[in-house]
1. Could you compute the FRET efficiency for residue 59 and residue 107, with r as their C-beta to C-beta distance and R0 at 25 Å, rounded to 0.05?
2. How large, in Å, is the range 8-108 by the Kirkwood hydrodynamic radius built from its alpha-carbon pairs?
3. From Cα pairs below 8 angstrom and at least 6 apart in sequence, can you work out the relative contact order of the chain, rounded to a whole percent?
4. Packing-wise, with mean Cβ within 10 Å as the measure, how do 79-85, 35-41, 20-26 rank, highest first?
Amino acid sequence: MKEIVQDKNLVARCGLYCGACGSYLKGRCAGCHENAKATWCKVRSCCSEHQYASCADCKEFPDPKDCKKFNNVIARVIGVVLNSNRGACILKIRELGVEGYAGFMATQKRQSLPRRS
């Protein structure tokens, strides 16, 4: 299994940190940016279309919760089930920058910030 390391290229477009994801660490996924099979992901498609590294680069929606592609019903349900707060992740990227966020998440050994502590 791979080790959790700081790598800004492992920050997913939606704010998750692929570098701490079990599928990535076990070698079953290349991460958001390298996963050509993830054509189903509307967030990934939108970021690619606008040439954003992540939703943190979007100026149209200062609060990612206002974006219907980012904050859809399925994403909200998965967020509750997995205790994941991708919106908080996007805001943290804006606060720390991509490199700082990658370091923060690697240190925390977390794929996402929690909805509840």
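A short reminder: the numbers here are calculations on the coordinates, not readings from a lab. What you see is a predicted model, and the numbers here were worked out from it, not measured in a lab. For neighbour counting, all protein chains shown are included, and Cβ atoms are generated from backbone atoms with ideal geometry for every residue, glycine included.
1. Details: r = 29 Å, r/R0 = 1.15.
After rounding to 0.05, the efficiency reads 0.30.
2. For the range 8-108, inverting the mean 1/r across all distinct Cα pairs yields 13.7 Å.
3. Answer for the chain is 36 percent.
4. On the way: 79-85: 14.0, 35-41: 11.7, 20-26: 15.9.
Highest to lowest by the protection proxy: 20-26, 79-85, 35-41.
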